[in-house]
Amino acid sequence: MKIKLKKKHLNINLILGIVWFLFGVMELSFSENIGWFDYGSLVFGVLYFILYFYQKKYQYLTIENGVLRINGSFGKKINLAEIKRIKKFAGDYILKTSKKELTINTQIIDTNSLAKLNAELEKLNVEWN
């Protein structure tokens, strides 16, 4: 099951990619002396495009085979069976096992997907704070 990001969050990354890329193209077009530093805006634009397409394809969270995984650059994951406690703090869920913690930012999760995530977490017999 995929827990989706809010469309606003995705669109911000797309807009930032477009703005940085256009800024880079304009900078290279109107600059007389082009150095390696002038390509930085293009690089930022391309990185935001990559981030947008990655997040659009993989979304924020994936729950499969009893494992909850945050789809990001570091790919944090936690086994649902090992969760001992779930703490709500400042709009985040902090899932705790005996060895590690995983923080889920609920502010960027789509409303329908948040309901699915809550239903999945409530199935676990763990302590909620």
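The values are calculated or read from the model by the stated rules, or taken from the named source; none is laboratory data. Predicted model, so just to flag it, every value in this text is computed and none were measured. Note that we place each Cβ from the backbone using ideal geometry, even for glycine, and neighbour counts take in every protein chain shown. To get the accessible areas, we keep the full protein, side chains included, count just its heavy atoms, and leave off ligands, DNA and RNA. Shrake-Rupley method; radii C 1.70, N 1.55, O 1.52, S 1.80 Å.
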**OP:** Could you check how many residues of region 48-58 are loosely packed, with under 15 Cβ neighbours inside 10 Å and either among the hydrophobic types (A, V, I, L, M, F, W, C) or not in a helix (DSSP H, G or I) (or both)?
**Re:** 2
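Do we have any residue at all in region 6-17 that's without any contact (Cβ under 8 Å) to a residue 24 or more places away in the chain and charged (D, E, K, R)? Walk me through it before giving the result.
Filtering region 6-17 down to residues without any contact (Cβ under 8 Å) to a residue 24 or more places away in the chain leaves 8, 11-12, 15.
Keeping just the survivors that are charged (D, E, K, R) gives 8.
Looking for residues that are without any contact (Cβ under 8 Å) to a residue 24 or more places away in the chain and charged (D, E, K, R), one finds at least one in region 6-17, hence yes.
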Subject >> Residues (surrounded by 11 or more Cβ atoms within 10 Å (Cβ to Cβ), polar (S, T, N, Q) and out of contact with any Lys or Arg (no Cβ under 9 Å at 6 or more places or on another chain)) located in region 113-129 >> reply: N118
Original post:
Mind checking which residues of region 86-100 are within 19 Å of I63 (Cα to Cα), open to solvent by less than 70 Å² (accessible area, probe 1.4 Å) and assigned to a loop (DSSP other than H, G, I, E, B)?
Top reply: T97
Original post:
Can you tell me how many residues in region 35-67 are touching a residue at least 40 places away in the same chain (Cβ under 8 Å) and either of a type in the set (D, E, K, R) or touching a helix residue (DSSP H, G or I) at 6+ places or on another chain (Cβ under 9 Å) (or both)?
Top reply: 8
Subject >> Residue that is modelled with the lowest pLDDT [pool: residues in region 59-85 that are open to solvent by 100 Å² or more (accessible area, probe 1.4 Å) and in a loop (DSSP other than H, G, I, E, B)] >> reply: S73
